[in-house]
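For reference, the structure discussed in these notes is given below.
Just so it is clear, none of the values below were taken in a lab; they were calculated from the coordinates. Small disclaimer: the values here were computed from a predicted structure and weren't measured. FYI the Cβ positions are ideal-geometry reconstructions off the backbone, even for glycines, and counts take in every protein chain you see.
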Amino acid sequence: MQLIDSHCHFDFDAFDADRAQVWQQCREAGVERLVIPGVSVDRWPALFALVEKEPAWHAAVGLHPWWVAESELEPAQLQRQIAAQVATNPCVAIGECGLDGAIVTPLEEQEPLFRAQLALAEELGLPLIVHACRCHSEMLRLLKEYRPGRGGVIHAFSGSEEIARAYWKLGFYLGAGGTITYERAAKTRRAFAAVPLEAVLLESDAPDMPVQGHQGQRNSPARLPLIAAALAELRGVPVETIAAQTSHNTEILFSL
Ligand SMILES: [Zn+2]
């Protein structure tokens, strides 16, 4: 079984002490490749330095909504900075970018920088890694407005089957993460049981989003098989089917 973690913050400090060991655990667990999104201008150089060490690690470059407040960049400046990174580094997507309705920074402040990244993805012909938290109607409105040609992924998707299908119709895959391992996440579990498997990517979002049974611990990409197993159970198919199709989907989206 070969799995790809489509969203993992493996560049974060949380892995500084034992990154090589965690990567070894990943490979023992069948997690053979990682997509590592960029979150802030300050962190991009270290991310690109990291992925240079291992061909199975792929970087994306973007400004995450949580880092919008400290960035002090105008949308056009952000576009220039991202474009400069894409021109000089191997880069599989624009992101992590998006909107978050659950943080102090108002959506009106986040939106211009997200729009800048939506427009740039289209211009550069790259897919998007989208963070959409408590903002599905605004997000769908923006994606319908821009219709980015390479599409992208709604990472850590949480929501109804109807919303999931609306994203897929716009060319956006749905990232299945630790949420689906919790029985209380009934709506999201129903959505992932019902959408076409061709629309689903697997992700750990490590070090965040703990898998059920591991709350309070640092999450690890080596736990991706638990998410694959949860999805297999929800859909009533062998875990090998989940692994093969989601890996294929991830390769197609990011041209791996
Ligand atoms: Zn993330």
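Using only the C-alpha atoms of the range 98-207, find the volume of their convex hull and express it per residue in Å³. Mind showing how you got there, number by number?
On the way: hull volume 11.7 nm³, N = 110.
Enclosed volume per residue, from the Cα hull, is 106 Å³.
What spacing in nm lies between the two simple spin-label points modelled at Arg141 and Met1, each 7 Å away from Cα in the Cβ direction?
Simple spin-label model gives 4.2 nm for this pair.
Check cross-link reach from Lys144 to the lysines: straight Cα distance under 30 Å, and skip same-chain residues fewer than eight apart.
List returned: Lys169, Lys187.
Under a 10 Å cutoff between Cα atoms, tell me which one of Ile163, Ile154, Ile103 has the largest fluctuation in the Gaussian network model of the chain.
Ile103
Can you give the calculated 222 nm mean residue ellipticity of the chain, where each DSSP H run of n ≥ 4 adds -39,500 (n - 2.57) and the sum is split over every residue, rounded to the nearest 500 deg cm²/dmol? Write out the running numbers ahead of the final one.
Values: 10 runs with 111 residues, N = 256.
When only DSSP H runs of four or more count, the value is -13000 deg cm²/dmol.
Step by step: find N for the range 3-254, compute 2.2 N^0.38 Å, then divide the Cα radius of gyration by it. What's the final number? Please report the intermediate quantities before stating the final value.
Details: Rg = 16.8 Å, N = 252, 2.2 N^0.38 = 18.0 Å.
The reported ratio for this selection is 0.94.
Using 1/(1 + (r/R0)^6) with R0 = 30 angstrom and r between the beta carbons of Ala194 and Glu251, what's the FRET efficiency to the nearest 0.05?
Result of the calculation: an efficiency of 0.80.
For the range 225-256 and the range 149-180, compute the distance between their C-alpha centroids and round to whole Å.
14 Å
Using just the alpha carbons, could you tell me how many Å³ per residue the convex hull of the range 157-256 encloses?
Expressed per residue, the convex hull around the Cα atoms of the range 157-256 is 92 Å³.
Direction-averaged shadow area of the convex hull around the Cα atoms of the range 108-159, nm²?
3.4 nm²
Between Thr105 and Ser40, what length in nm is gained on full extension when 0.36 nm per residue of separation is reduced by their alpha carbon distance?
21.9 nm
Check which residues have an amide H placed less than 5 Å from His7's amide H, if you skip close sequence neighbours.
Val35, Ser204, Asp205
Points 7 angstrom from Cα along the Cβ direction at Gln81 and Lys53: gap in nanometres?
Output for this residue pair reads 2.4 nm.
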